[in-house]
Amino acid sequence: MIVIVYAHPYPRHSRANGALLDALEGLGGLRVRSLYDLYPDFSIDVAAEQEALAPARLVIWQHPMHWYGSPALFRLWLDKVLQYGWAYGKGAGMLAGKDLMWTVTTGGDEGNFTCCGENHLGMLGQPLRSAAEQCGMRWLAPFSLHGVTALTQDQLAGAGARYRARLEALAERYANAGGVEGAVHE
């Protein structure tokens with residue numbers, strides 16, 4: 001199973017993240033947890049979130065870049081859900097061995113995230129990577145989509161197709177290792 005933890009403050013108004021998620025329609029073994037739809041009051045049901053993550057083979061943290069970081073509710077989700085004793089630390093391990101992929105969209109073009117030949121997006125994602133690795137998860141190469149405010153519908157559809165192809169390849173690998181269930185959007 002693939003679980004997408006989706007955190008867009010305005011989920012119904014996102015052209016880019018909406019296109020990425022729309023491209024996944026009908027993909028088996030997928031569950032989308034839209035945090036801003038589920039918790040508009042920021043009152044996260046930790047037990048429900050942990051239960052949703054338990055069967056996942058792949059967890060995706062998907063959000064737009066907000067001031068070179070993640071949206072507030074996603075940050076709160078990390079603080080609340082990735083608890084000591086459950087996600088990491090003594091007696092933990094509920095996420096150990098799962099794969100984690102960061103999917104991020106940016107308003108700026110790719111050039112806004114490079115300096116002196118270095119990819120700043122990788123540096124910006126380092127706290128997320130460290131959190132995943134602290135929980136025993138395996139960090140996969142991120143999926144990023146830059147300059148989303150200037151992309152045409154065709155370009156967004158192309159990005160969605162690439163995203164779907166990547167997840168289909170991962171889902172096939174997981175299915176061959178033990179089964180994939182039907183899609184659920186929450």
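Projecting the Cα atoms of Leu20, Trp77, Leu35 onto the charge dipole of the stretch 1-87, computed from C-beta unit charges around the Cα centre, puts Leu20 farthest toward the positive end. Here the contact order of the stretch 30-106, divided by its residue count and restricted to Cα pairs under 8 Å and six or more residues apart, works out to 38 percent. Computed from label points 7 Å out along Cα-Cβ, the spacing between His13 and Leu140 is 3.1 nm.
Taking 0.36 nm per residue of separation and subtracting the Cα-Cα distance, full extension of the segment from Phe42 to Asp154 would add 36.9 nm. Heavy-atom accessible surface of the chain, averaged per residue, reaches 49 Å², computed with a 1.4 Å probe. Protein heavy-atom surface of the chain, 1.4 angstrom probe: 52% of the accessible area is carbon and sulfur, with nucleic acids and ligands not counted.
Among (1) 45, 33, 30; (2) 54, 33, 28; (3) 46, 35, 34, only one was calculated for this model; which label is it, if the read-out is Cα extents along the principal axes in Å? Evaluating Cα extents along the principal axes in Å on these atoms matches (3).
The values are calculated or read from the model by the stated rules, or taken from the named source; none is laboratory data. Everything numeric here is computed off the predicted structure, so don't read it as measured data. All Cβ positions, even for glycine, are placed from backbone atoms using ideal geometry, and neighbour counts span all protein chains on display. Accessible surface areas use protein heavy atoms only, side chains included; no ligands, DNA or RNA. Shrake-Rupley method; radii C 1.70, N 1.55, O 1.52, S 1.80 Å.
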